[in-house]
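Worksheet for the structure shown next.
The values are calculated or read from the model by the stated rules, or taken from the named source; none is laboratory data. The model shown is predicted, which means the values in this text are computed figures rather than measured ones. Cβ placement follows ideal geometry from the backbone for every residue including glycine, while neighbour counts extend to all protein chains displayed. We work out accessible area using only protein heavy atoms, side chains counted, and drop any ligands, DNA or RNA first. Shrake-Rupley method; radii C 1.70, N 1.55, O 1.52, S 1.80 Å.
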Amino acid sequence: MDGLITLGIESSCDETSAAVVRNGRELLSNVIASSLELHKAYGGVVPELASRKHLEFIVPVIDKALKDAKVSLEDVDVIGVTFGPGLVGGLLVGLMAAKGLAYAAGKPLVGVHHLEGHISANFLESPDLEPPFITLVASGGHSHIVLVEDYGKYKILGRTRDDAAGEAYDKISRALGLGYPGGPAIDKAAKNGDPSYAVFPKTRFRSSYDFSFSGIKTAVLNHLNSLKMAGASVPVNDICASFQEAVCGILCENTFKAARDFGMKTVVLAGGVAANSRLREMFEQAAAKYGMRLEKPSRVLCTDNGAMIASAAYFAYKKGRISDMTLNAEASWSLEDM
Ligand code: KG4
Ligand code: ZN
């Protein structure tokens with residue numbers, strides 16, 4: 001098969017995924033198996049349960065990814081795998097599979113940082129997207145504003161000082177009885193709510209692009225408590241819409257401020273929270289206002305998937321970044337250390 005073929009493997013949270021990509025940009029297959037249903041009863045991902053499901057899913061998922069792409073292991077040029085950050089038990093399952101295949105088939109192995117994967121999802125759908133650009137990576141574990149200076153070269157300009165944006169969604173959703181994961185549930189409820197019902201405070205830091213979501217979260221929880229104490233009914237949709245307005249508002253404000261300060265013409269969305277409809281709308285409006293180009297992955301490529309890892313592995317390999325068999329799972333690892 002023509003071009004450079006990468007197989008990408010992702011298992012850092014509750015999705016077991018494998019995908020095949022040509023030349024870092026052309027998606028040939030993307031197979032995702034999730035253990036989400038199992039975790040719902042616990043209100044969040046239970047690492048041990050997730051690891052067991054990864055073990056069960058990993059081989060069939062890789063098999064299907066190769067089959068869907070109509071390639072054999074022999075056709076694969078590079079094997080990319082998420083090594084961190086994430087849940088170590090899950091990461092180890094993906095790593096064992098990737099190392100085993102790389103060793104048996106004699107293929108180069110590339111360890112991919114989960115967040116560079118999220119960012120790279122954009123290369124799959126925007127064929128002419130090239131660094132430099134500013135990106136917001138917002139997921140269940142991170143909320144970073146990153147300056148992508150070149151392929152594989154990242155500078156973190158801002159980060160959350162407490163909860164990640166997705167984590168705030170998940171916690172408020174639980175308090176409202178909307179279940180896990182909170183992002184899609186709040187996104188849906190907010191569509192029927194009034195965003196001006198309440199003004200929850202956005203936290204801003206002087207001379208910093210950092211975020212803090214604990215103030216918004218506490219304000220919502222206090223509001224809920226006062227409604228309950230007064231025996232009043234809870235306007236769930238309105239609270240969701242007002243909460244979302246505050247969270248997405250500050251994500252958008254800080255990202256575009258960074259883009260303007262650094263003279264960037266392109267802004268890119270990434271991570272699970274990038275699937276949010278209000279966030280996408282706010283980013284579109286801000287990009288139009290400032291005359292910037294906006295790129296955002298389709299929703300399936302916002303949340304965890306193997307395709308983004310296969311794309312990131314291609315660009316890393318092109319830069320000569322190859323891992324050896326000592327590549328290990330890392331629960332936390334800075335993007336700047338790639
Ligand atoms: O990137 P991801 O799939 O996994 C991590 O790397 O964490 O992100 C999952 C997070 C969860 O917190 C989930 O609630 C959030 O992304 N999320 C959303 C939406 N879809 C997923 N948050 C807001 N709106 C959504 N539509
Ligand atoms: Zn993720």
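Things worth noting here:
- Distance between region 97-143 and region 1-53 - C-alpha centres, whole angstrom: 12
- Simple rule: put +1 on each Lys or Arg Cβ and -1 on each Asp or Glu Cβ in region 130-295, find the dipole, and look at S143, N222, Q244; the Cα lying farthest toward the positive end is N222.
- If you run the Gaussian network model on the chain, springs between alpha carbon atoms under 10 Å, then out of A310, A230, A19 the most flexible one is A230.
- Ligands, DNA and RNA excluded, the heavy atoms of D261 present near 90 Å² of accessible surface to a 1.4 Å solvent probe.
- Normalised size of region 130-295, defined as Cα radius of gyration per 2.2 N^0.38 Å with N residues, equals 1.04.
- Gained length - V234 relative to K188, 0.36 nm times residue gap less alpha-carbon distance: 14.9 nm
- Using heavy atoms of the protein chains and a probe of 1.4 Å, the accessible area assigned to D194 is about 70 Å².
- Of the trypsin sites (Lys or Arg not before Pro) in region 140-214, the ones in a loop by DSSP (not H, G, I, E or B) with at most 11 other beta carbons within 10 Å are R206.
- In the chain, taking the dipole from charged Cβ atoms about the Cα centre, the farthest positive-side position among G80, G263, N328 is held by G263.
- Computed E for L38/V300 - FRET, C-beta separation, R0 25 angstrom, nearest 0.05: 0.75
- Pair V46, D337: separation of 7 Å Cα→Cβ label points (nm): 3.2
- When only Cα pairs below 8 angstrom with a gap of at least 6 residues are kept, the chain shows a relative contact order of 25 percent.
- Mean sequence separation of contacting Cα pairs (under 8 Å, at least six apart), scaled by the length of region 130-295, corresponds to a relative contact order of 27 percent.
- Put a plus charge on the Cβ of each Lys and Arg, a minus charge on the Cβ of each Asp and Glu, and nothing anywhere else: the dipole of the chain about its Cα centre is then about 680 debye.
- If you wrap the chain in the convex hull of its Cα atoms and look at it from every side, the mean projected area works out to 16.7 nm².
- DSSP beta bridge pairing in the chain, given as percent antiparallel to the nearest 5: 60
- Accessible surface for V273 stands near 10 Å², nearest 10, in the context of the full protein assembly shown (1.4 Å probe).
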